[in-house]
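**Q** Questions regarding the structure given below will be posed in turn.
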Amino acid sequence: MRLNHFLTLGKIVIAVSILLLTPIKGLAQSAVDLVVHYVEVTRAEDGTSYGVNVYFSVLDDSANPVRDLTEQALTVAEDGQKVEVQRLGTITDQPLNLVLVMDTSGSMLGASITDAKAATINFVLGLMKPNDQASIMTFDNNFKTQVNFTSDQKTITDGINRIDVINETGSCLYDSAYAAVDAVSTFSSGSRAVILLTDGRDETANHAICSARTAEEVIQLASNGEKRTPIYTLGLGSGSDTESLRNLSKRTGGLYFYASNSSKLTNVLQTLSDRLRLQYIVTYKSTSLPGPHIVTLSMNQTGVEVKDSRNFQLSALPVHIAFTTPLEGETVGNLLKIAVSLTSQGDTVIERVAFEVNGVEVDSDETKPYEIELDARQYPIGAMAVSAIAYGANNTELARSSPVHLTHAEHVGELLVTPAEVQSASVPAGPVENSSSMVVTAVILSGLSIVAIAVLLFFLVRQQKQAGVRTLENDVDDNTQPPMMSIPVYHKVDEDRKESSSEFDSGGLGALTVEASDDSSLLGHRFEITTSLITLGRSADNDINFPNDKPVSRHHAEIYQIGDKLYLREVETTDDSGTAKPPKYGTFLNQTPMGPDPALLKTGDEIQLGKRVRLKFESYARDVDADMLTYDDLTGTEDVDQTQAQ
């Protein structure tokens, strides 16, 4: 009997344990909810990328805000690709801009409107801080602004107290929501929200449709474009349209709340206040092209992933000017060369770039690369500043650079001597004769060193050119094809191409300037093309590599020379089955996808590798009309001598 008693007791303990553990596991799997409210886009300080701010909330199983969220717990992805988080914080230091929209239709008569006014006054007084702004709107058959945006709590309180209800009126709910979103979207920064309180649905007193706008139009306005704003809906009583209100909040990034009667509005609005104040903001840098994009935030809680996404738009960035020479803080001599690179998006046409020295325009350039040379002797020794201005059609200013501050120094022989050095040298440390002798000796030694270096460089360059000529002659004797004539399949080459490739006497064939990249250190960098074959890709064995740009394939594209022309084509890699495959994310020339055929490059062409890397091409040879090229130009089927003669 005792044994049976213990067995029975054991079964009970096991059963109770299962019952207790099962709900705990279920709660753990759904303990956290993540909601992305909206996305704010600004122009980054570098002028060539975007700063993206994502406002979101993390709620526990009781719908209470989760505090102390860390960067390690959060993953941010743009268009499916993980991005680096620059900052994670709360919006406590951000201004809050909101529109409170109250239903004043006939159904709100009596205790409902009285309780609603008292609850909203407590809500505003408890929520708002000095930098916050709020507006009060009401709606029945029409919508009306009772209080324009203000930070003055007394003005808001007085406005709410003046609200009244007119009997036998309807609820044009969607028209008022549309107007509220349109109004609050004028605030370009800070957190913003629309709070909509109603006890009914969109209908007239005769139960016909009241609003000219539809729910879908409100959602589109609040969730797309520059006007994106989360709508927080509050349903009062059983007559409210719960399904429509919940849909309105969910699709715009807001939250839905419900109060069974007006006496509970104060508690519900207090809960909403907590949600608004305990939001997070995560910031990252985007180098994507203008157009629609999607950001996804995700967290992993006890093995279960929770996430939410929100669409957003990147508009075209304005023209950006970057100095390639001189650089900030540089010391310059008698000859001053000024050169800039320009980044633009969309259909912007740049007519000319003007250059200023010490605030006075000195010259301009109408062609790429935008550069001038000046005799700096016309300017005083010491500090000077240069800047550049880009102009479009009708001499319209498109962009103005920040000044680059320089030091103008004197020439003493081949040496640059700054004003500080001149002043220091003017105070002799010993006899005058010894000081002068030391200066003369230093100048002579410096001159001899420069001559020796020049002679050494002359012989090295001459030897390299002779080796290139011998290589070219051997190719002609062997009757081999020009380089890169086979199917574009990548084959790893162990030797250094740059040492074995022939060079023209000009010393260069062209150049590539980086206009967009996930690697900010590459922006504005200029790569000279000095050999007959240049490879581009993410792998380190390329001539030009982009290690931090994941959408770029390991071996992505090649630029090769035929005669005095340069061509671009994709590199195809072979898989284990021997099938040739192009780069996964494609190659684009002037925003047009590349096919299997090579394309002639001309000055001004834009090359895009994958989704984000953009390169501007410049040719050092005379551009040739692509329509005049023959098939033999691209295939190189003629002999080498004829090809070079073109």
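The values are calculated or read from the model by the stated rules, or taken from the named source; none is laboratory data. Note that the structure is a prediction, hence the values are computed from the model and not measured. Cβ placement follows ideal geometry from the backbone for every residue including glycine, while neighbour counts extend to all protein chains displayed. Heavy atoms of the whole protein, side chains included, go into the accessibility calculation; ligands, DNA and RNA do not. Shrake-Rupley method; radii C 1.70, N 1.55, O 1.52, S 1.80 Å.
**Q** Give me the residue from the range 314-336 that is open to solvent by 30 Å² or more (accessible area, probe 1.4 Å) and in a loop (DSSP other than H, G, I, E, B) and, out of that set, farthest from Val295 (Cα to Cα).
**A** Here the residue is Asn334.
**Q** Please verify whether Gln301 is within 30 Å of Val58 (Cβ to Cβ), modelled with pLDDT under 90, of a type outside the set (D, E, K, R) and open to solvent by less than 80 Å² (accessible area, probe 1.4 Å), treating the condition exactly as stated.
**A** Spelling it out, Gln301 is indeed within 30 Å of Val58 (Cβ to Cβ), modelled with pLDDT under 90, of a type outside the set (D, E, K, R) and open to solvent by less than 80 Å² (accessible area, probe 1.4 Å).
**Q** All but one of (1) out of contact with any Phe, Trp or Tyr (no Cβ under 9 Å at 6 or more places or on another chain); (2) surrounded by fewer than 19 Cβ atoms within 10 Å (Cβ to Cβ) hold for Gly508, so report the exception by its number.
**A** If we test Gly508 against (1) out of contact with any Phe, Trp or Tyr (no Cβ under 9 Å at 6 or more places or on another chain); (2) surrounded by fewer than 19 Cβ atoms within 10 Å (Cβ to Cβ), just (1) comes out false.
**Q** Quick check on the range 75-118: of everything there that is under 25 Å from the mean Cα position of the chain (by Cα) and acidic (Asp, Glu), which residue is farthest from Ile166 (Cα to Cα)?
**A** Glu84
**Q** Additional query: Limited to the range 110-160, what total is found for residues that are in a strand (DSSP E or B) and of a type in the set (S, T, N, Q)?
**A** 7
**Q** Suppose we filter the range 543-554 for residues that are surrounded by fewer than 23 Cβ atoms within 10 Å (Cβ to Cβ), at pLDDT 90 or above and either under 17 Å from Pro582 (Cβ atoms) or out of contact with any Ser or Thr (no Cβ under 7 Å at 6 or more places or on another chain) (or both); how many remain?
**A** 1
**Q** Select from the range 298-342 the residues that are under 21 Å from the mean Cα position of the chain (by Cα) and of a type in the set (D, E, K, R) and list them in ascending order.
**A** Residues satisfying the conditions are Asp308, Arg310.
**Q** Do you know which residues across the range 337-362 are open to solvent by 70 Å² or more (accessible area, probe 1.4 Å) and closer than 19 Å to Thr396 by Cα?
**A** Asp347, Val349, Glu351, Val360, Glu361
**Q** Go through the range 387-401 and count every residue that is surrounded by 11 or more Cβ atoms within 10 Å (Cβ to Cβ) and within 16 Å of Asp347 (Cα to Cα).
**A** 6
**Q** Another question about this same structure. Report the residue count in the range 72-95 for those that are over 17 Å from Val306 (Cβ atoms) and buried (at least 16 other Cβ atoms within 10 Å of the Cβ).
**A** Matching residues across the range 72-95 total 6.
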